[in-house]
Structures are given as C-alpha cells and as structure tokens.
1. Which residues, counting only those in the range 47-56, are over 15 Å from residue 294 (Cβ atoms) and out of contact with any strand residue (DSSP E or B) (no Cβ under 7 Å at 6 or more places or on another chain)?
2. Just a yes or no: is a residue in the range 518-533 touching a Gly at 6+ places or on another chain (Cβ under 9 Å), crowded, with 17+ Cβ neighbours inside 10 Å, small (Gly, Ala, Ser) and within 24 Å of residue 422 (Cα to Cα)?
3. Looking at the range 47-57, can you tell me whether even one residue there is surrounded by 24 or more Cβ atoms within 10 Å (Cβ to Cβ) and either modelled with pLDDT under 95 or within 23 Å of the chain's Cα centre (by Cα) (or both)?
4. Of everything in the range 97-121, what is assigned to a loop (DSSP other than H, G, I, E, B) and out of contact with any helix residue (DSSP H, G or I) (no Cβ under 9 Å at 6 or more places or on another chain)? Give them in sequence order.
5. Considering only residues of the range 207-250 that are of a type in the set (Phe, Trp, Tyr) and outside any helix (DSSP H, G or I), which is modelled with the highest pLDDT?
6. Within the range 285-318, track down each residue that is over 18 Å from residue 269 (Cβ atoms) and in contact with a helix residue (DSSP H, G or I) (Cβ under 7 Å, 6 or more places away or on another chain).
7. I need the full set of residues from the range 376-415 which are within 30 Å of residue 708 (Cα to Cα), of a type outside the set (A, V, I, L, M, F, W, C) and in contact (Cβ under 8 Å) with a residue 40 or more places away in the chain, in order please.
8. Have a look at 574, 633 and point out the one that is part of a helix (DSSP H, G or I) and under 33 Å from the mean Cα position of the chain (by Cα).
Amino acid sequence: MYKLLILFLTLFSSDLVHAVTIEVEGLKQPAEIIVDKFGVPHIFAKDHYDVFFVQGFNAARDRLWQIDLWRRRGLGKLSEVLGEEYVEQDRANRLFLYRGQMYQEWLTYGSDAKEIATKFTDGINAYIDYLEIQPTMMPIEFGLLGYKPDKWNPTDVVKIRSHGLWRNASNEVSRAKILCDHGEENLQLWKKLEPDWKLNIPSDFDACSFKGNILEVYNLATAPVRFKNDNANIAKNNKWADESLGSNNWAISPMRTASQSTILANDPHRTHAVPSLRYISHLNGPGINVIGAGEPALPGVSIGHNEDIAFGLTIFAIDQEDLYYYKIDPSKPNAYLYKDNYESITTITETIEIKDSDPVTVNLGFTRHGPIIKREDNRIYALRAAWLEAGMAPYFGSVEYMRANNWREFVSALNRWGAPAENQVYADKKGNIGYKPAGLFPRRIDFDGLLPVSGHGKYEWDGFFDMDVLPVEYNPKRGYVFTANGMNLPDDYPIEKYPLGFEWSAPWRHHRINEVLANQDNHSFSDSIELQRDYHSKLAQKIIEKLNNNFPAEIKSLLGKWNGQMERDSKEAAFFAIWYYRHLNPKLTQKLFNDQSLVSSIDSYTVLELIDNKKYQNIVNETLMSALEEAEALMGENQNLWRWGGLHQIKFKHPLYDQLNNPYKDIMFIKNYGRGGTGNTPNSTSFSPIDLRVRSGGSWRFVVDTKDWDGARMTNAPGQSGDPRSKYYDNLLQGWANDSSFPLYFSREAILENKDFIIELVPKNN
C-alpha cells in the first residue's frame, strides 16, 4: 500500500499551472511569488520582513528535501531518519556547531539578523504545514526514505558551520608528513607558497609524530551525505584531482566598456550536484529589491544586484584554522597539558536518536582552542577555527551588504563579514567599481599557520586583525578589477606584518582573465559572457611553449601547432588532458615522492620547472608515448574522431538515483553532456583523472550591465527545482552545457510578460 502511495505521488507535478491562493500563518500582509518561464521566483511583499518569510516558503516549495537534509547533516540529526550508519557523521557534525552566546551571534551580523532568520524559518515551517493539506506536493524523497520534514528553528540558520569552505587543516597535516619523509626542500615542489615565504618550523616540532588519519572526524563533518551505492564522487578516496578549484569574478568601469557603464560578472565554482548548490531568487519589498543567487537554506542573496549596485564573490585565501596537538597523561584521560598544568577537557554529552534502534549517548570533547577531533594514547588533536567564532555562519553576512546602496555602505557591511573569506567585487550604476576581500583574519603569535602546533600555550591567536589591513581597490586606473582565487596581493603588501595565508589556487585562470581584460578597451556585455565561456588553458600553452615543439614525431603533428584551447570537440585537448593528468604529473610525482598515497600530485609550477630540466626529458617523452597509446585505446586510432568532450562529461545524478528502481529512476534521470575545459580554464570544469568526469565548476553564472538590469544573464544547472517531477528540475541543463544563459528579469513589467504561474500568499485568519 505504501509503495502504491509513493507511485501515486510521483504522478503529480510540484509545479502549478495557474494562479493559486494559499493562506499561511505568520505573514503580515498579502504577498505573491511570480515564477517566470525559467523557474526563477520573483517575490513581491508589502512588508520588509515578509519578504524573507516568503523566501523561506518558496525555498521549501522548490528545495525542501535538499534543505532538510542539509539541516539534519549540519545539526547531527541524520541517524534519526536514516539509521545507525550515520551516527559517526552526526557526532562529527555536532563537534562543529556554533556553541557560543546567541545574543552576540545575532548582533555580529547586524541589528535585524535575528528577525530575518526568524521570518525565513517561519516561511519554511509554513510550507511544511501546507503540505499537511496538500500531501501530493510533498517531495518524493521523504516517502522513499520513510520520514517527514522537520520544523526549523531560527538558530539552525547560523549554528551550522560545517557546510562552508575552509582552509587549511588538511594541508597542515600533509605538510608535516611530507616534511618527515622528504624534507623541507621538497615542500615547495608539492605546493608553492605565495608570496615567497620561508616556512616557520617551531623548535619543538616533530614532523614524524603525525601518523594515521588524524583528520577522519574533520573530513566526516565537512563531507556531504552519502547513501548506499552512491558512487557520485569517485575521487573522494583519491587525493589526485584537477588542481584548480575556485571561482571567477570581475567588474569593469565605463572607461573600458562599450556601453559606457559598469559591467560585473561572477561564476562561482563548486561541486556539481542535484539539486544545484545555488538557488536564484528575487526579493522585492519596502527597503529591498535584490535579485541573484544564494544557498536555498539561507535568507538573502549573496551574488547579484539590487537597484543601485551589483556584487560577486570568490574565495580569498585567508588561513582561518589551525590544528593543535596536546600531551595527555594516560592517568588523567580527561585533561591535557597547557603551559605547566593539566587543564580539564570540556565535555558535552548528547543523545543521538536512531531510526529503528535505541538512542546512543556521545561525548563531545573540547579544549580551550576548539573541538577534539582525534585521541591517541599520549596525544589529542583539536581544531581552532575562525569559522566557529560568533558571526561566522557561511554567507549569512550577505543579508547586510545586499541592501547597500553605494560603495561606502557595501564596504561597511563587509567589515562584518566572517566566513568564508571572500574576494568581493563591486559595480554601481553611477560608474564606480571596487574590490574588497573580507573575512576574519587571525593574529598568530610566533607561528605562520602552515603546520600543526603544540597547544601548550606558546602558539596562540591574539584576537583578529582589523579588516582594514586587507587590500582594497576603488576605481583603479586600469579600469577593471578581477579575482580568480590566485595570489592577488599587491606587490607592496606587507605580508610579514599581516601573514594572512600562503596557499592559493593555481594561477592560470587568474592570468588568462587578466590577459583578456587588459586587451579589451571597449569591453562589451557579450565579451564578459565569452570570457566566462573561455576554454583557454594558460598551463597547456606554457607547457607546449616550454617544450618548444621538441616532440617525438608521433606527437609533433598533434600538438605542434596547438594553442592550448581545451574545446569540447578538440582532439588536441583530449590528448593533452590524458597526457598531463594521467601520465606526466603522476610520473613526475612518483619520481620525486615515491609514495603517491602521501603526495598524489605536484604543483603545476613544479611541472613547468621539471620539463625544462634535461634530467626529466626521458619522463616527458615516455609519458607522451604512453599517453598516445592510452588515447588510442580510449578513442580509437583515427585521431580525427578524438573529442575531449567524449571523455570529459558532466553526469548530474540525484543522490538517491543508485538506490532506486523504475519508475523513480526514470523521473530522476538527467542526461550526460560532454564539456570542454579543465579546472585551469576560466570556464572551469575540474575533474578526477581517474575517469575524467567533471566534478565541479561554474554551474551558476551571472553577468550584468548596470545600465540595463533587465538585460542581466544567468544560468543555474541543472535547474531551479529539486523535485524530479518539476519541469524546472533540469530545464536549464542543456543550455548550460552548451555555455548559454537566460535573461534575469528585474522589472515587474518584464517579469509579468514572462511569467509561468503566480502563487498568492495571504495571512491566515484565526
């Protein structure tokens, strides 16, 4: 009977075909959601905070199962609906909840942050109540897994911290192990430090004491939810992956644009998923009119524009975490050595409810620096993370800056931004552009944050630097600002005084974007779109130039005249990717480090240095020939039939797809598409060399000319809706895969001309 009910529910689309009126509790005045023909909701409310209520209601309408799963993961409540195999992940996530004073937490974001979060979660809960009277609208995943959505608390928005992007505990541990096995001189071959920096190795540091999987709990806490048979991430147990994860953004002043107005573009690169990480919303009410994307479980918009300004972000390399280790006395298992005394571990005991089983009690341990993630016979490890401080909920700080009207207000709001650390670019309709990084910046005493440090009291944080010490640009003479996660500190930045971090993404996207923008004195809106589509690999270009066409004869005809364009239909791109990612880099890594379980790839800077060295010429030639052999095995002997997109494909897959039988698989299936690029091209398509499958990149792209808000273009793959029954589940995928975009309507007139359906919300009369 239950299975029949589920099948019955799948027959009902979650989309509406006409205007519908819904009564809801918690709404002050009538409001409406106008959904356009691309699935973008445009919210119009008559009260400022009703806007966020409706945003929460609508986020649940399109993404309820996704945000419910995120909430359960973040709060450590997966086991109560998914079973005992999730207990360890629940325990791990509970270690990384914000546990400070909520009064301080709310005020850090701004005076009305609590009100916004409250109204947003009230809206989610109102939609959950609505499903009680409209059960056919319930997302099918709840029925398939046998549970119902849970109600939200406003604190859920900010207490969950483990879903953001963080640095750099994993690198600290890897660096220690490499230092032990291969010495300090080889560390830069693994990862180049930028700007130039001499590693500060503490006098009491024993690099060889870091054994085993120290970060197992940390990695579990920051991992997505996996289901049985889920093979969506083959690279999860493989360190070797396309090296350049990140995002791009830029803003161009009227002096360099064809329209004589400012242009802003942004394409964040994150792991591809179903549903998409980003969700597009338009929020319109008294004191607010903003459109763009954020995460569906958060109120507001973090990337987009309002009536006056546009804004976009990429990750900025502030090092916001440190791994501490402490000596423990086996006779004192609940204490650790701090300075000259043993200090008690703070223990919080919590109960984890488990589906179809008895609850279990877990003990969560904390030192003065943070949660304990590993315990050994004579040592414990704890993580100090800036993102566990007050005001550090990922991306929630955007609720302030999205309502700014000018540069001064925007920068002022960014001074309250905590995590993740971001490069923010800005453009306004008055012709101004700017760049400002933001993020909580620890002030370290006597260490540089690149290695684990003893927790005995010498290596501490002395609070945080004022954000004014970070670089800033406003209307620079060159006429544009841009970032791409590469090292972008000014040449005169006092890194010794303000050592914010030394681990950046590979520079190739950064170099390519600067190259293009610097040579465009009359940059058009379409030029920004083309730059987001750009598949040129500066890394490939440099490698080909370095080899100076001294290829074996079999290779010269293939790569000799190639320009580094990683196009989808390129045979050269297909061969280069096979050679560099599956042969050259792994072979050089093996030569330098022997054990690839520790070092699975080397920095691209290192590759460029080594191929210039005659000592490694044999490896270059050998790997070229072995790559040719593999290319022929994969694609056939006829090189004219080779296509990079034939190997390099995006495969969006619903998290439950591998668990299901028809008819559920039929409605969840999403077509695969070939892609160009790599993680080092502006149009980023990062992948695992194991299967060459695209893992991450710009699933969301945005370009706007401030002269024409209705003319903005955007995309969001695979679609806006998380419901497989919806026509908006994957309607944007084909366009995205072919590097096209759709108009992002802003005026009410344009929205109504392109509407699909309208939802009217009215206050419920009790």
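The values are calculated or read from the model by the stated rules, or taken from the named source; none is laboratory data. Quick caveat, the model's predicted, so the values are computed rather than measured. For neighbour counting, all protein chains shown are included, and Cβ atoms are generated from backbone atoms with ideal geometry for every residue, glycine included.
1. Passing the criteria: 49, 53.
2. No, because not a single residue in the range 518-533 is touching a Gly at 6+ places or on another chain (Cβ under 9 Å), crowded, with 17+ Cβ neighbours inside 10 Å, small (Gly, Ala, Ser) and within 24 Å of residue 422 (Cα to Cα).
3. Yes.
4. Filtering the range 97-121 down to residues assigned to a loop (DSSP other than H, G, I, E, B) leaves 97-101, 110-112.
Answer for the range 97-121, where residues must be assigned to a loop (DSSP other than H, G, I, E, B) and out of contact with any helix residue (DSSP H, G or I) (no Cβ under 9 Å at 6 or more places or on another chain): 101, 111.
5. Pass one, the range 207-250, residues of a type in the set (Phe, Trp, Tyr): 210, 218, 227, 240, 250.
Filter once more, so that each one left must be outside any helix (DSSP H, G or I): 210, 227, 240, 250.
On the way: 210: 95, 227: 91, 240: 40, 250: 98.
Once the filter is applied, the top-ranked residue is 250.
6. Residues satisfying the conditions are 285, 288, 296, 297, 298, 299, 300, 301, 309.
7. As a first pass, look at the range 376-415 and keep what is within 30 Å of residue 708 (Cα to Cα): 395-415.
Of the ones still in play, those that are also of a type outside the set (A, V, I, L, M, F, W, C) are 395, 397-398, 400-401, 403, 405-406, 408-409, 412, 415.
Hits for the range 376-415 are 395, 397, 398, 400, 401, 403, 405, 406, 415.
8. Checking each option against the conditions leaves just 574.
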